[in-house]
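These notes are about the structure you will find just below.
The values are calculated or read from the model by the stated rules, or taken from the named source; none is laboratory data. The model shown is predicted, which means the values in this text are computed figures rather than measured ones. For neighbour counting, all protein chains shown are included, and Cβ atoms are generated from backbone atoms with ideal geometry for every residue, glycine included.
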Amino acid sequence: MDDIGNSLRKAVDLIFSFDPDLYFIVWTSLRIVIASTALATLAGIPLGLFLALKNFRSKNLIAAILNTLMAIPTVVVGLVVYSFLTRRGPLGFLGLIFTPAAIVIGQFFLALPLITAMVYSTALGKEKKILKTAYGLGASPLNALKTFILEIKFPLLAAVMAGFGRVIGEVGVSMMLGGNIYRSTRTVTTAIALETSKGEFALGLALGFILLIVALSINSLVSFINYRIEKA
């Protein structure tokens, strides 16, 4: 119990003393997660809408693949991306392995199937009614699509948040593709794993607290935005 109490006190001291190593790790994690989530959103929302609104032969197969990829372990994604980015791989000449960009790429492929699948499942059940109404009111195809997106904006936001949650707490991709390099690719989750293995619980606890605060803050912000939109 004394060890736990001491670790908690040290963790609080690290947070409120604005330890530079601690906050560098946090900033590294945030910029990587935001970048990967943003890229997955830019690709996943249009792809999910396309799958829902267009009819083609392999549509059900693609949907099944997306649902399967939603549950794929992070280490498998890391292994596949690593095989491409390693210096002997087909993209090794880019020199991306063990850089923040490599982690962004790996996390992009983690979040993309989840966001796409959630957008697809949401849009699939509502497209006929909303688009039919929009066309009936004389809307052009582009305006009808805009109306459709506005009508499902809350599920779209939920899909983005699910993608964010998928990558902010992952370890496998960050460790394999980033290498957990000090002051370069060390993220919150990889630092927690490293410090715990060393028996240094204080820094791990401090990072864990900050991770919880970040997640809570983002969820609160999303709830506030939803509330303002509903009241508008």
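Among the residues of the range 192-232, those that are in contact with a Phe, Trp or Tyr (Cβ under 9 Å, 6 or more places away or on another chain) and either modelled with pLDDT of 85 or more or surrounded by 13 or more Cβ atoms within 10 Å (Cβ to Cβ) (or both) comprise 195, 210, 215, 218, 226.
Evaluated against (1) outside any loop (DSSP other than H, G, I, E, B); (2) surrounded by 18 or more Cβ atoms within 10 Å (Cβ to Cβ); (3) modelled with pLDDT under 90; (4) not hydrophobic (A, V, I, L, M, F, W, C), residue 133 falls short on exactly one condition, (2).
Let me confirm something: among 44, 89, 48, 78, which residue is touching a Ser or Thr at 6+ places or on another chain (Cβ under 9 Å), free of Cβ contacts under 8 Å to residues at least 40 places away in the same chain and not β-branched (Val, Ile, Thr)? Spell out how you get there, then give the answer.
On the way: 44 fails: free of Cβ contacts under 8 Å to residues at least 40 places away in the same chain; 48 fails: free of Cβ contacts under 8 Å to residues at least 40 places away in the same chain; 78 fails: free of Cβ contacts under 8 Å to residues at least 40 places away in the same chain.
Result: 89 is the single residue among 44, 89, 48, 78 that is touching a Ser or Thr at 6+ places or on another chain (Cβ under 9 Å), free of Cβ contacts under 8 Å to residues at least 40 places away in the same chain and not β-branched (Val, Ile, Thr).
Taking the range 24-73 as the range and being under 17 Å from the mean Cα position of the chain (by Cα) and basic (Lys, Arg) as the test, only 31 passes.
Residue by residue, here is whether (1) crowded, with 16+ Cβ neighbours inside 10 Å; (2) farther than 30 Å from residue 186 by Cα holds:
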residue	(1), (2)
69	yes, no
81	yes, no
90	no, no
102	yes, no
116	yes, no
120	yes, yes
151	yes, yes
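Can you go through 98, 56, 18, 24 and tell me which one is among the aromatic types (Phe, Trp, Tyr) and in a helix (DSSP H, G or I)? Sole residue among the options that is among the aromatic types (Phe, Trp, Tyr) and in a helix (DSSP H, G or I): 24. For the range 56-77, state whether one or more residues are touching a helix residue (DSSP H, G or I) at 6+ places or on another chain (Cβ under 9 Å), within 16 Å of residue 211 (Cα to Cα) and of a type in the set (D, E, K, R). No, the range 56-77 contains no residue that is touching a helix residue (DSSP H, G or I) at 6+ places or on another chain (Cβ under 9 Å), within 16 Å of residue 211 (Cα to Cα) and of a type in the set (D, E, K, R).
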